[in-house]
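Scroll down for the structure; my scribbles are underneath it.
What follows draws every value from the coordinates through simple rules; no lab data is involved. The structure displayed is predicted, hence computed values, not measured ones. Counting neighbours? That spans all protein chains shown, and the Cβs are built from the backbone with ideal geometry, glycine included.
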Amino acid sequence: MSALLAAERLELAYGQVPACREITLHVDEGEIVTLIGANGAGKSTTLRAIAGALFPRAGAIRFAGRDITRLPSHERSKLGIALVPEGRHVFPFLTVRENLELGGFKFRKNAAKIRSLIDRMFGMFPRLKARASQNAGTLSGGEQQMLVLGRAMMSEPRLLCLDEPSLGLAPLVVQDIFRTIRSINEGGTSVLLVEQNARYALETASRGYVLQTGSIIVSGACSMLKQDERVQQAYLGRSAAVAAQ
């Protein structure tokens, strides 16, 4: 079976400043795959390249068998790639419902489809339904994270790219978010997850890639990565056992 997403030997840079090199990874249909590592390891840069926010200097990216290396982000969205960037970027002065409607922009000519998708998101996130008419900027951090997840899912993506979904959230809220990620995956959406919290990442994904200073240093099944001593290099000197707790 061919991979849904395949990135081959990516060289990434910001201007003349190199950021990542020789990045090769893949995500199969129905998988959750995680990129883990310390701050500055190149995780978010890799995710931005896959979503089309950064074009590689070298290498190739294929999605569902199509070369998308030079395809802009809005065209990748149409193909089924959705990005939830770090930082919970809601439209603060629009309501929860209006934020969700923007996520379904490609279905804008089908009002019934938009309503159906919003109902589905409210079923997935009941707290958002209770705040449908509330401005997004007044939501809690956890509710905003739910909203950006729901907004991304409004496009019915085949691949959901998540950048640090646990960042700045309380532990109980993080557990809810990761339960939702697993539920989204069980519904048929593949997930590429960037996460610094090794415990949640390795418990949620089936496979992972560990990045350090812009390169992949080890990859494999998450059950194996939990025990691999090389993982400690990606976590500021902590042992693999501590990193996976």
Item to check | Rounded to 5, the percent of DSSP beta bridges in the chain classed as antiparallel | outcome: 55 percent
Checklist entry - Hey, how many Å between the Cα centroid of the range 100-168 and the Cα centroid of the range 178-212? => result 19 Å
Checklist outcome for this item: With the 8 Å Cα cutoff and a minimum separation of six or more residues, the chain has a relative contact order in percent of 26 percent
Checklist outcome for this item: If exposed means trypsin sites (Lys or Arg not before Pro) lying in a DSSP loop and surrounded by at most 15 other beta carbons within 10 Å, then the longest stretch of the chain lacking such sites spans residues 110-245
Next on the checklist: Under the rule a/c < 1.5 gives rounded, and otherwise a/b versus b/c splits prolate from oblate, where does the range 122-186 land using the Cα gyration tensor?
Outcome noted: oblate
Item to check | Filtered chymotrypsin sites (Phe, Trp or Tyr not before Pro), the range 25-110: DSSP coil and at most 11 other beta carbons within 10 Å | outcome: F93
Checklist outcome for this item: Other residues with Cβ under 14 Å from the Cβ of G188 give, with Lys and Arg +1 and Asp and Glu -1, a net charge of -2
Checklist entry - Which three extents, in whole angstrom, do the alpha-carbon atoms of the range 5-243 cover along their principal axes, largest first? => result 48, 39, 32
Item to check | Radius of gyration, Dmax [the range 106-151; alpha carbons; angstrom] | outcome: 11.0, 32
Checklist entry - When all alpha-carbon pairs of the range 1-137 are counted, what percent fall beyond 27 Å? => result 35 percent
